[in-house]
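**Student:** Let me give you the structure first, and then I'll get to my questions.
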Amino acid sequence: MSDVTLETAAAKVPEAAPRSPPASQIGLLAWLRTNLFSSWLNSAVTLLIAYLVVRWTIGFVEWGIVNAVWSVPDNQTQACRDLKGIGACWAVITEKHRFILFGTYPYEEHWRPALCVLLFVGLYTVSAMRRFWRKELALVWVATLTAIGVLMWGGILGLPYVPQERWGGLVITLILATFGLALAFPLAVLVALGRRSRLPAIKALCVLYVELIRGVPLISLLFMASVMFPLFLPEGMNIDKLLRAQIAIILFAGAYLAEVVRGGLQALPKGQYEAAEALGLSYWQKTGFIILPQALRLVIPPLVNTFIGFFKDTSLVLIIGIFDLLTAGKTAIIEPAWQGFGVEVYLTVGAIYFVFCFAMSKYSQSLEAELNRHRNR
Amino acid sequence: MSQTTIDPRLMRAPPKRKLRLSWADERIRGVVWQVLVVGIVGTIVWWLWSNTVHNLEVRKIATGFGFLTREAGLPVAESVIEYSPTDTYLRALTVGLLNTLKVAVVGIVLSTILGTVIGIARLSRNWLVAKLSAIYVEVIRDLPLLLQLLFWYTILQSLPGPRQAMQPVPGVFLSNRGLKLPWLDWQDAHSLALLALLLGAVVTWFYRRQALAKRILDGQPRRIWPVALGAMGALPVLVWAALGAPWTADWPELRGFNFRGGVTVSPEFFALLLGLVLYTAGFIAEIVRAGILAVPQGQWEAAQALGLHPGQVLRQIVLPQALRVIIPPMTSQYLNITKNSSLAVAIGYQDIVSIANTTLNQTGQAIEGIAIIMLVYLTISLSISLFMNWYNARIALVER
């Protein structure tokens, strides 16, 4: 019986049309289909962009490598001029790289700023590792910065004295950024605490400082440092230009960092403040032992981002004529023989800035992921 | 908040404590700290002030803003209003301020558009588009703006001269004298047509408000686009046609060693705008991306389940929520563009900083010059943040 019904039922069903197997969901082809050619429009966009990318890459390789001139005999830039723009003149970098990196620092002493750059990089690396986040790190900072000062100035330990006017290049950028951060940070913490204070006069002062600084461009502060600052000091007293610019950068960075730190103070649950008070801790005990350790940990990623911003902003000292990396690059092409090769120099200087900033921003992202890991569970 | 009932026991004021003249009293400590801090800051300010006054006397520099009415004798290459070197310093500074505002406004508009496009592109399902946008954002944000400005300015300066100018589109010339564009021969008809467009926009806005109010009452959707088309499309065209439909363009032409006619975008302005827009777009792209990602997936799905079509989902469900996340950081980007436009001084675009700097070099009025710069930027910053705060409050989530 059942056999019969089954047979009749089967006979009623029309034979299924032969189907092709489903498209593969794995492998290179499937990946290409979902990510690049999912629709007509997508395929068109992909092809257009791929064409442009390939064309520009080939153009750049031809300009930067194939047709490029890598070195010329003593300042004879005729070979470069003959290229008429179809190739890069990397000879300007070969010739001027010491100048771009170290400025007018005495040639035979270049190992000193070079060592300072390495010290800075080492300091950043050590500070970036979580296992070194201890109180002793502050001592390492003080020691390294002192060593850098000794190396740059010299005058002791058998090192010849080099006046500050002759410093230049990458090391100035690093000095402005690092000293700026190291000194602006304590200021920023105090201002952030002051802005959250219950004492009206202190709060008003901090608000005024932060809003005033954040409302004006850094350039105006740098102008102030270079033009107005000499008027502020008593007669006969003078501070060199680099230090004046450094003070302007510290004041500027302090206001921005203060807002970042304030974000951390606000993000901390109120219970932490109340619990600390309930334990009978004084204001400074409460702040030092309970609030700041937690609040600062919260804001490390935005602090790194702010630091990247200042690292880039130190290039603004070009406008008041301080010899940082960018100024050195710009000065290198003033010489008539090397005029017109700005693109090569700016690409190189840009690459140096990029390496530092990119490393810091990748670090900040990984740190953020690590610190937020407990939240994603 | 105000409607929640408060426990009557909490309404009672805490008992008044007697003020004790002792370090143990919190209020006394507070007063002492404040007096101390204000005293120290005040002393420093007073010290700097008295030094300044003394130095000014020694150097025989007269303070005051009297120099503003003197003849500037300061050439300005490009200006929105009429200006000649025989005008006063005040006029020169106004020209600078207008130049700053010009580059800031154009920069804000262009970088918002470019940043939004790149931010959305970074979320694209097309791998190539998403990766390229990501690379763009990473690279552009990790290079100093000043470096980028110098780079673009160098490239624009190394372009061929007017005689060998590049012509990407007929009538548009790119040379080391800048960008030359054809422009309408402006007549009253055009101004009146613009006015009609403005009027049309106002009419449309009022009509839309009324239509929405009626729709809330009876639930019937009303078409808005016919009115919008009539008021903002047909009306200006009619006005323009009624006045004789003037349509002559002013084409740039090579005469001798330079171009005549058309409008010029100077290399300085072009480089500054290019640098500012490309740089800020990188930051805006990240803000837009974060804003879109902040809207939970469930919102898209719920909207689709209600039967809204994709455009409606984006406009009425996702965008209003994303904007709440986007507006505050966008405000600081707009402020940044305005402040960063001060880098113009490095490439010779004459904005307020550049002109004030020249002024203080010519007159020796350092304090006044810098005070003017700071005042201008503080005013601009304050106005932008006031406006954006107002806008932010308007679109903010209304909670109980």
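**Student:** Would you check if A:Y353 is at the interface with chain B (Cβ under 9 Å from one of its Cβ atoms), part of a helix (DSSP H, G or I) and surrounded by 16 or more Cβ atoms within 10 Å (Cβ to Cβ)?
**Tutor:** yes
**Student:** Looking at segment A:280-300, is at least one residue farther than 25 Å from A:V189 by Cα and away from chain B (no Cβ under 11 Å)?
**Tutor:** no
**Student:** Also: Kindly indicate whether B:T331 is more than 10 Å from chain A (Cβ to nearest Cβ), more than 27 Å from A:V317 (Cβ to Cβ) and among the hydroxyl-bearing types (S, T, Y).
**Tutor:** Here the answer is yes, as B:T331 does meet what is asked.
**Student:** Here's another thing I want to ask about it. Which condition breaks for A:A114 when tested against (1) small (G, A, S); (2) more than 28 Å from A:V171 (Cβ to Cβ); (3) in a helix (DSSP H, G or I)?
**Tutor:** A:A114 satisfies all of (1) small (G, A, S); (2) more than 28 Å from A:V171 (Cβ to Cβ); (3) in a helix (DSSP H, G or I) except (2).
**Student:** Find the residue count for segment B:176-199, including only residues that are under 28 Å from the mean Cα position of the chain (by Cα), not in a loop (DSSP other than H, G, I, E, B) and not aromatic (F, W, Y).
**Tutor:** 15
**Student:** Something else about it: Kindly indicate whether A:K330 is part of a helix (DSSP H, G or I) and more than 18 Å from B:L149 (Cβ to Cβ).
**Tutor:** No, not satisfied.
**Student:** Report yes if B:V137 is within 24 Å of B:L343 (Cβ to Cβ), of a type in the set (A, V, I, L, M) and touching an Asp or Glu at 6+ places or on another chain (Cβ under 7 Å), otherwise no.
**Tutor:** Yes.
**Student:** Could I ask something else about it? Restricting attention to segment B:146-164, and to residues there that are crowded, with 21+ Cβ neighbours inside 10 Å and aliphatic (A, V, I, L, M), which single residue is farthest from the chain's Cα centre (by Cα)?
**Tutor:** Looking at the filtered set, the residue picked out is B:L156.
**Student:** Given the options B:V76, B:V103, name the one that is buried (at least 17 other Cβ atoms within 10 Å of the Cβ) and not in a loop (DSSP other than H, G, I, E, B).
**Tutor:** When all the criteria are applied, what remains is B:V103.
**Student:** Do the conditions hold for A:L41, that is, is it within 12 Å of chain B (Cβ to nearest Cβ), loosely packed, with under 10 Cβ neighbours inside 10 Å and at negative phi?
**Tutor:** yes
**Student:** Cβ-Cβ under 6 Å, sequence separation 6+ or interchain: first residue in segment B:355-368 and at positive phi, partner crowded, with 17+ Cβ neighbours inside 10 Å and of a type in the set (D, E). Which pairs?
**Tutor:** Correct list of pairs: empty, since none qualify.
**Student:** Select from segment A:195-207 the residues that are part of a helix (DSSP H, G or I) and facing another protein chain (nearest Cβ under 8 Å) and write down the one among them that is nearest to the chain's Cα centre (by Cα).
**Tutor:** A:L205
**Student:** Okay, next question. With the structure loaded, tell me whether A:I148 is part of a helix (DSSP H, G or I) and touching a Cys at 6+ places or on another chain (Cβ under 8 Å) or whether it fails that test.
**Tutor:** yes
**Student:** Please tell me if A:Y363 is free of Cβ contacts under 8 Å to residues at least 40 places away in the same chain and in contact with a helix residue (DSSP H, G or I) (Cβ under 7 Å, 6 or more places away or on another chain).
**Tutor:** Taking the combined requirement at face value, the residue does not satisfy it.
**Student:** Which of the residues belonging to segment A:310-340 are facing chain B (nearest Cβ under 10 Å), modelled with pLDDT under 85 and touching a strand residue (DSSP E or B) at 6+ places or on another chain (Cβ under 9 Å)?
**Tutor:** A:G340
**Student:** Then there is this: Taking the residues in segment A:225-270 that are among the β-branched types (V, I, T) and crowded, with 18+ Cβ neighbours inside 10 Å as candidates, determine which candidate is farthest from A:L296 (Cα to Cα).
**Tutor:** Out of the qualifying residues, it is A:V227.
**Student:** Any idea which residue in segment A:217-256 is farthest from the other protein chains (Cβ to nearest Cβ), counting only those that are over 21 Å from A:I322 (Cα atoms) and in contact with a Lys or Arg (Cβ under 8 Å, 6 or more places away or on another chain)?
**Tutor:** For segment A:217-256, the residue satisfying everything is A:A255.
**Student:** Right, another one. Only one of (1) among the aromatic types (F, W, Y); (2) within 13 Å of another protein chain (Cβ to nearest Cβ); (3) surrounded by fewer than 16 Cβ atoms within 10 Å (Cβ to Cβ) is not met by B:Y391, so which one is it?
**Tutor:** For B:Y391, the exception is condition (2).
**Student:** Looking at B:L146 and the list (1) facing another protein chain (nearest Cβ under 10 Å); (2) closer than 25 Å to A:T57 by Cα; (3) touching a residue at least 24 places away in the same chain (Cβ under 8 Å), which single condition is not satisfied?
**Tutor:** Looking at each condition in turn, B:L146 falls short on (2).
**Student:** Taking segment B:101-129 as the region of interest, how many residues are under 22 Å from B:Y349 (Cα atoms) and of a type in the set (A, V, I, L, M, F, W, C)?
**Tutor:** Residues that pass the stated criteria total 8.
The values are calculated or read from the model by the stated rules, or taken from the named source; none is laboratory data. Because the structure is predicted, anything quoted here is derived from the model rather than measured. Ideal geometry is used to build each Cβ from the backbone, glycine not excepted, and the neighbour counts take in all protein chains shown.
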